[in-house]
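Structure first, commentary second.
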Amino acid sequence: MIVDLPWPNKLLWPNGSEGSRAAKAAAKRKARNDASWLAIQARKKHGLPEYGEGPIPVKLIVYAKPKGPLPDRDNCIAAVKVQLDAIAEQIGVNDRRFAAPVVEFGTPRNGRIEVIL
């Protein structure tokens with residue numbers, strides 16, 4: 001299953017994400033709601049995969065923003081944590097089953113992240 005996420009809000013990135021607690025909470029809420037909706041759409045399009053037992057492999061393909069340096073892989077994972085939680089909920093699994101995400105960088109640089117399960 002592929003869930004195509006928008007670029008995470010700057011408040012969700014661990015480096016340099018300054019903002020009030022309320023602003024961060026609002027950004028997390030929006031990211032979770034967006035990811036839930038996108039996971040529902042992906043599930044409708046592709047069907048619900050059978051994951052069986054054991055860890056579920058996760059790959060993030062990061063299409064960075066057009067300008068600026070590529071983000072660190074570990075920061076990419078941290079920035080989409082709340083979205084991964086929402087996706088897990090929508091496919092009916094505990095996010096504990098997700099294996100450590102593999103991060104790849106793709107082109108074009110258009111500011112989005114694909115989650116492949």
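Computed from the coordinates by the stated procedures, all read-outs in this text should not be read as laboratory data. In this text, all values refer to a predicted model and were calculated from it rather than measured experimentally. Please note: Cβ atoms are built from the backbone with ideal geometry, for glycine as well, and neighbour counts cover all protein chains shown.
Things worth noting here:
- Within the chain, longest stretch clear of exposed GluC sites (Glu not before Pro) (DSSP loop, no more than 15 other Cβ within 10 Å): 54-117
- With a threshold of 21 Å on the Cα-Cα distance, the over-threshold entries among 10/30; 10/81; 24/67; 45/67; 44/65 are 24/67; 45/67; 44/65.
- The H on the amide N of residue 106, modeled in the peptide plane, is under 5 Å from the matching H of 62, 63, 64, each at least 5 residues off or on a different chain.
- Tilt relative to the chain, helix 21-46 - C-alpha long axis, 0 to 90 degrees, to 10: 40 degrees
- Expressed to the nearest 5 percent, the antiparallel share of DSSP beta bridges inside the stretch 47-117 is 50 percent.
- Across all directions, the average projected area of the convex hull around the alpha carbons of the chain is 7.1 nm².
- Crossing angle, helix 81-91 versus the chain [Cα axis fit, 0-90 degrees, rounded to tens]: 20 degrees
- Inter-part distance where the stretch 89-117 and the stretch 1-77 are each reduced to a Cα centre, Å: 7 Å
- Under 5 Å from the amide H of residue 56 lie the amide H atoms of 98, 99, each residue being 5 or more positions distant or on a separate chain, with H modelled from the backbone and absent for Pro and chain starts.
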